[in-house]
Amino acid sequence: MISFGRYDLPVVTLPDIRYLLFGIFTHQSSGEIWCNSWQKASFYRGSAWGISEAVKTLLKSKRKTQGIVFLPDYFCNQALRPLRAQSVQLVFYPVTENLNPDWRLVHTLVLLNGKPDVFILVHYFGFPSEIKNALQFCQQVGAVLLEDGAHVLIPRGGIGKFSWASVFSPYKFLPVPKLGVLVTSKETEIGCEMLREKKRVDMEICKWIGKRVLQSLFLNCGFSWKSRRIVPFDSEVEPNFERNSSVSAVTLQLLKMTESKLDQYKRIRRRHYKIIEEGIPVNSDVARPFFSSLPEDVCPYLFPMWLHKSIIEDVYYKLNRIGVPAQTWPDLPPEVKEKPSTHSRAIKIRKSLLTIPIHQSLTERQMQYMVRSLRGAIGKVFGG
């Protein structure tokens, strides 16, 4: 029987070394694959900087020095750092059990805080949120809709078509350095377009390539490259946040290399998602997929699953000890944690949602190993 050592399973997609070599000879991505015909793409170090730049651009167009931004309470606090540096009031609206906006409470927040300038709608884990309702709300209050598609591979269906701006994070799905895409209409004047000052290469891209090559080599040789320390289940420690800087030409070349493979990656991720979905023990009171089904055309970012609060922490540690990189998400904003009665659902989801990787670098054998490990961990904890 084949067994895996600790941390043999890659957490992120790893590039093929040949892919890195050919990447430096190809053209640069224009980002048009994330756009409709009337839109353009701007590149940043991450989608957090794209969101911040979009808000700044909107307020400037309105000749306003301050603004109000509505965003969901189930949101990564680290991603708010660029936005917090602006003169904006952040209003966190509660989400429902399925991560859609709680519209009744959203309207109540308008009465308490005033009409928002920007309403941020998040498409969690690649699953589309309620775009139609969000557009209707924005029309009622005079706000613009900004879609956070950081968990979306490329826009499908209505995603990105009707909003004022949308952001994406290709590096979460593809073997490329950290990269965010801001999509706006061609007429929108983006004040800090980082493409204008891009470099051919920089130290960050060199570090990324070196790290990924070593990880790939270690993985193929059966060696571990990670430390033995497991991040505590309830840890809220934020990793170092990268400042915004120009996106290197090599990064855009590597991105271009992946664009012909997006449909293939999507098929693999959907297949991996279904392997876990069909292989885990489903008990609505103890464990179940967070989403009831995988809609056609959705490319899932991760496999999110709901576990009862009495077992999730034990399952998390059992999986990580045997090399399955189960994770929790996100680090909630302090404004949310300080008002548990108002944001009870976001806090509940944070404490009961576990994610499992399903990216295209994983093999069928590794997926089956994760399914067996997950089934075993849940059974042991629950007494099965």
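The values are calculated or read from the model by the stated rules, or taken from the named source; none is laboratory data. Quantities reported herein were computed from a predicted structural model and do not represent experimental measurements. Here the Cβ is made from the backbone with ideal geometry for all residues, glycine too, and neighbour counts use every protein chain on show.
Taking only the stretch 53-75 into account, find how many residues are free of Cβ contacts under 8 Å to residues at least 60 places away in the same chain and within 25 Å of residue 176 (Cβ to Cβ).
Number satisfying all stated conditions: 0.
Within the stretch 323-370, can you find the residues that are part of a loop (DSSP other than H, G, I, E, B), at pLDDT 95 or above, of a type outside the set (A, V, I, L, M, F, W, C) and within 23 Å of residue 278 (Cα to Cα)?
357, 359, 360, listed by residue number.
Since residue 175 meets every condition but one in (1) outside any strand (DSSP E or B); (2) at pLDDT 95 or above, which condition does it not meet?
(2)
In the set 172, 132, which member is on the phi < 0 side of the Ramachandran plot, out of contact with any helix residue (DSSP H, G or I) (no Cβ under 8 Å at 6 or more places or on another chain), in contact (Cβ under 8 Å) with a residue 12 or more places away in the chain and buried (at least 21 other Cβ atoms within 10 Å of the Cβ)?
It is 172.
Please determine, by comparing only the residues of the stretch 306-316 that are assigned to a loop (DSSP other than H, G, I, E, B) and in contact (Cβ under 8 Å) with a residue 40 or more places away in the chain, which one is surrounded by the most Cβ atoms within 10 Å (Cβ to Cβ).
Looking at the filtered set, the residue picked out is 311.
Taking into account only those residues within the stretch 95-118 that are more than 30 Å from residue 358 (Cα to Cα) and in contact (Cβ under 8 Å) with a residue 40 or more places away in the chain, which is surrounded by the most Cβ atoms within 10 Å (Cβ to Cβ)?
Once the filter is applied, the top-ranked residue is 116.
Could you tell me whether any residue of the stretch 81-93 is free of Cβ contacts under 8 Å to residues at least 60 places away in the same chain, surrounded by fewer than 14 Cβ atoms within 10 Å (Cβ to Cβ), among the hydrophobic types (A, V, I, L, M, F, W, C) and not in a strand (DSSP E or B)?
Looking through the stretch 81-93, at least one residue is free of Cβ contacts under 8 Å to residues at least 60 places away in the same chain, surrounded by fewer than 14 Cβ atoms within 10 Å (Cβ to Cβ), among the hydrophobic types (A, V, I, L, M, F, W, C) and not in a strand (DSSP E or B).
Can you report the number of residues in the stretch 331-352 which are under 18 Å from residue 290 (Cα atoms), touching a helix residue (DSSP H, G or I) at 6+ places or on another chain (Cβ under 8 Å) and surrounded by 16 or more Cβ atoms within 10 Å (Cβ to Cβ)?
Of the residues in the stretch 331-352, 3 are under 18 Å from residue 290 (Cα atoms), touching a helix residue (DSSP H, G or I) at 6+ places or on another chain (Cβ under 8 Å) and surrounded by 16 or more Cβ atoms within 10 Å (Cβ to Cβ).
In this structure, is residue 69 closer than 29 Å to residue 114 by Cβ and in a strand (DSSP E or B)?
When the stated conditions are applied, residue 69 passes them.
A quick yes/no check of all residues on (1) touching a His at 6+ places or on another chain (Cβ under 7 Å); (2) surrounded by fewer than 22 Cβ atoms within 10 Å (Cβ to Cβ); (3) among the small types (Gly, Ala, Ser):
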residue	(1), (2), (3)
126	yes, no, yes
146	no, no, no
157	no, yes, yes
162	no, yes, no
166	no, no, yes
179	no, no, no
185	no, yes, yes
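Suppose we filter 152, 106, 69 for residues that are within 21 Å of residue 344 (Cβ to Cβ) and β-branched (Val, Ile, Thr); which single one remains?
Exactly one of 152, 106, 69 is within 21 Å of residue 344 (Cβ to Cβ) and β-branched (Val, Ile, Thr), namely 106.
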